[in-house]
Structures are given as structure tokens and as C-alpha cells.
């Protein structure tokens, strides 16, 4: 069985992420989406909320699992018996960053490859941080995120306005 891990903070998951998953779900027997807490970013959604939003947004894909993880990615990959790491690319800046991470992971775990998948041109500009900022400023993000995420963003914004 070919298993891949797609790690990320997914705060929130966007249509760009879903595009990457739709492409790679045809290649791998199982994909584990590994939701991580990124200490360098201020999260809008809790880990549990992100997991639930991703599950709701990927229910049309039957070979997807969603879990939280912390620690070294290569340890997690060993635990999942994965053969690949999935990374989405939008720009050359993404590639430079991801290439360095890929090389480090390859050094730590030579038997696992990183698979880079280009985002569809409709999502090249879409980032989780951009989506959050646009939503917080009242922008319509309905074409950028799955319906469950749009609803989740609306609920978060109501909570902020009530405070």
C-alpha cells in the first residue's frame, strides 16, 4: 500500500490544499493529512477545529485520513509507514523553502521522497493567511475555501465581534 503524508498547519484549509489532495489521491492508496501546530504562526482555528474542517472538506475523497501530530516529521512518517511526503507549490519562493525542507527530510530518512505538486493556476495566489486576512476585513472568500471553511470563518468572526 502506497501511503503519503501531507503535513501542514492548514489554518484554514483552502481550495488550493483540496486541489493538491484531489491530484495526489489518485496517486496514493492512502493520504494522511498531518495537522501541525506551527509555533511561528498565530492560529485562528484550534487543532481540533482544523481537523474537523479538513474532514468535512475532504469527505468526497475516500482515501484521506486527518490527524494532529507534533514532533519530527520523519518519526511520524515512520509510524505511518509512508513512502512519500506531499508538498504543494505555488511560487518559486515556495519551491526554495520546500526544497531545503525536502533535503533535510531526505538526509534524516533517505527512503522517503518528497512529491511536489503544483497548484492549479486558479489557486496560485491563495494562502491560508491571505484568506484569514480577507475574511477578517469582510471580503468574500467563498471561491477560495470549501463551504465548511467559509462557515467556520463566519462563526469565528462573529465570536471576535462579540468580544
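The values are calculated or read from the model by the stated rules, or taken from the named source; none is laboratory data. In this text the structure is predicted, and so the values were computed from the model without any measurement. Backbone-built Cβ (ideal geometry, glycine too); neighbour counts: all protein chains shown.
Numbers at a glance
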| read-out | value |
| --- | --- |
| Residue list for region 47-58, filter: in contact with a strand residue (DSSP E or B) (Cβ under 6 Å, 6 or more places away or on another chain) and within 15 Å of residue 155 (Cβ to Cβ) | 50 |
| Verdict on residue 15 being exposed (fewer than 15 other Cβ atoms within 10 Å of the Cβ) and under 19 Å from residue 131 (Cβ atoms) | no |
| Unique match (being in contact (Cβ under 8 Å) with a residue 12 or more places away in the chain, touching a helix residue (DSSP H, G or I) at 6+ places or on another chain (Cβ under 9 Å) and closer than 23 Å to residue 155 by Cα) among 61, 44 | 44 |
| Which listed residue, of 86, 33, 27, is in contact with a strand residue (DSSP E or B) (Cβ under 6 Å, 6 or more places away or on another chain) and touching a residue at least 40 places away in the same chain (Cβ under 8 Å) | 86 |
| Some residue of region 84-95 being at pLDDT 95 or above, over 20 Å from residue 11 (Cα atoms) and more than 14 Å from the chain's Cα centre (by Cα) | yes |
| Region 133-154 - residue that is surrounded by fewer than 11 Cβ atoms within 10 Å (Cβ to Cβ) and more than 19 Å from the chain's Cα centre (by Cα) and, of those, modelled with the highest pLDDT | 140 |
